[in-house]
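Since the structure comes first, as structure tokens, the remarks are kept for the end.
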Amino acid sequence: MDEKESILIVDDSESTCRTLALILRKKGYETEAAGTGQEAIEKAQGRFFNLALIDLRLPDMEGVELLAPFKEMHPDMAVIMITAYASLETAVWALNEGASAYITKPLNMDEVLAKVRKVFEKQRLVREKRQAEEALRRSVEELKRSNRELNEYTYVIAHDLRTPLRSTTSFSELLLKEYSDKLDETGRDYLKRIRNASMRMAELIKELMVFSKLAEEDEQEELVDLNRLLEEVKRGLEARLMEKRVEIQVEELPEVKAPISKIRQLFKELIGNGLKFNDSTTPKVEVGYEERQSHYVFRVRDNGIGIGEEGQKRIFNLFQRLHTQKEYSGIGVGLAKCRRIVESMGGRIWVDSRPDAGSTFYFTYPKEKTEKTWMPNIKLSDQDFNHLERSINYSTNI
Ligand code: ADP
């Protein structure tokens, strides 16, 4: 239960002090009285009062002169001025000096109580808001900390898994090379499967390590000319896909403040996918954007194989693939990385697609960056492990 609210009454009239104290105490408030400005300062130095009721005219100073020292000692203390001169001017003066309200003499006790209650109500709301903000800040800190830990954990486990995996890969390689003739066809097939599965696992682990590193907010943001960046991405992809006749069209794009390597990775993944999951004789990807009031909406559109409704819900999760390795190669980390990058920049990503009708990936990018609200989902669920397992199994069927 809350402590009693305390009120310091500052008035040289003993009878006013007594009447106010009586009424306020009856309502459950705790009161103390001071007859002069100096006495009021001494009392406030000794303890906190939620509210001071101050007469505008005190024997040793103007009541308003108490506002500054009171605010300095107790920033949360509210003040109501009491004035015998009910002019707008005095009221404005008192309020300008930082008083919460004013009341006029002769005192109407209903008015006094109503104003006191209002001041306390406001104080309570401010207190609650502050507590809620503090609780939220602490939760965000805690989430950030535990996410950081999970990331490190994921990274370390992935890293440590590589050593035994390297043994499996190299010994199965050795067996295949040097003992192949001692095995029958089935034995050789099993061994190949072991080697392929280990190699794929190594690839998955490498990607998982990259993915867990993405959560680190280590990269500085800089002003990025997206036209130049996209030129670079385009050249890289065209060089890689030399055997295919691909077309990448980019409309004039804006400059954004962004961590450059992450935004490069994002466009590279989306455009790369648009060309990879594409059976057209002339795979085509178009990049464009729309400007909204607070953010940009970028789009990467392809004329590829498209994605069914069910698949659209899954593809941004880790290790989710809609195809086998035989159909289209991949690991199932690309779009999860895209989601993580976009969300870390305060945006959101989604896809609009139909099977055989191409896909358009959209992501938003805020013009003004605010406090990052992104809470990466690092934890690998049982489902993630199932996808991981399934991904590895694909390779054994190669
Ligand atoms: P990967 O490319 O390694 O398979 P991604 O996370 O990039 O992994 O994509 C996940 C899955 O989403 C892909 O396996 C594919 O089935 C589907 N997908 C992604 N991009 C496209 C696209 N542009 N068109 C059709 N399907 C896509």
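The values are calculated or read from the model by the stated rules, or taken from the named source; none is laboratory data. Values in this document were obtained by computation on a predicted structure and should not be read as measured data. Cβ placement follows ideal geometry from the backbone for every residue including glycine, while neighbour counts extend to all protein chains displayed. Surface accessibility is based on the protein's heavy atoms, side chains included, excluding ligands, DNA and RNA. Shrake-Rupley method; radii C 1.70, N 1.55, O 1.52, S 1.80 Å.
Observations, loosely collected:
- Neighbour net charge for ILE260 - beta-carbon separation under 9 angstrom, K R +1, D E -1: -1
- For the range 1-52, applying the loop criterion from DSSP together with a ceiling of 11 other beta carbons within 10 Å to the chymotrypsin sites (Phe, Trp or Tyr not before Pro) yields PHE48.
- Potential lengthening of the chain between SER180 and ARG127 amounts to 11.4 nm, from the contour at 0.36 nm per residue minus the alpha-carbon distance.
- Subtracting the Cα-Cα distance of LYS71 and GLU291 from their residue separation scaled by 0.36 nm leaves 74.6 nm.
- Note on LYS257: lysines with a C-alpha under 16 Å away, same-chain residues under 8 apart excluded, are LYS367, LYS369, LYS372.
- Gyration tensor over the Cα atoms of the chain: the corresponding equivalent ellipsoid has semi-axes (square roots of 5 times the eigenvalues, largest first) of 71, 26, 16 Å.
- When TYR328, TYR190, TYR155 are compared by accessible surface with a 1.4 Å probe, the order from highest to lowest is TYR190, TYR155, TYR328.
- Against the chain, whose longest principal axis is taken from its Cα atoms, helix 109-178 shows a tilt of about 20°.
- Here the spin labels are modelled as points 7 Å beyond Cα on the Cα-Cβ line, and at THR282 and ILE157 they lie 4.8 nm apart.
- Computed from the C-beta positions of ARG245 and ASP352, the FRET efficiency with R₀ = 30 Å rounds to 0.70.
- When the helices of the chain are scored as -39500 (n - 2.57) per DSSP H run of n ≥ 4 and the total is divided over every residue, the value at 222 nm lands at -17000 deg cm²/dmol.
- With at most 16 neighbouring Cβ atoms within 10 Å, loop trypsin sites (Lys or Arg not before Pro) (DSSP) excluded, longest segment of the chain: 48-243
- Computed from point charges on the beta carbon alone (+1 for Lys and Arg, -1 for Asp and Glu), the dipole magnitude for the range 6-107 about its Cα centre is near 500 Debye.
- Hits among lysines - C-alpha to C-alpha of LYS244 under 19 Å, sequence gap 8 or more where chains match: LYS234, LYS268, LYS276, LYS284, LYS326
- Three principal axis lengths of the range 185-259 [C-alpha, angstrom, descending]: 58, 37, 13
- Restricting attention to the chain, close to 55% of DSSP beta bridges with both partner residues there are antiparallel.
- The tail of the calculated P(r) for the range 6-107 beyond 19 Å holds 34 percent of all Cα-Cα pairs.
- Approximate spin-label separation LYS206-LYS4, in nm, with each point projected 7 Å along Cα-to-Cβ: 7.4
- Å² per residue, accessible surface of the range 6-107 at 1.4 Å: 49
- Within the accessible area of the chain (1.4 Å probe), percent carbon and sulfur: 50
- Along the axis of the charge dipole computed for the range 6-107 (Cβ charges of +1 for Lys and Arg, -1 for Asp and Glu, origin at the Cα centre), the listed residues LEU24, ILE103, ALA78 are led at the positive end by LEU24.
- Nearest-20 debye value, the chain charge dipole, Cβ charges on Lys, Arg, Asp, Glu: 1540
- Each other residue within a Cβ distance under 12 Å of TYR328 adds +1 if Lys or Arg and -1 if Asp or Glu, for a net charge of +1.
- Compared with the dominant Cα axis of the chain, that is its longest principal axis, helix 185-213 is turned about 30°.
- Distance distribution P(r), the range 218-374, all Cα-Cα pairs, bin width 5 angstrom from 0: 2, 9, 18, 24, 21, 15, 8, 3, 0, 0 percent.
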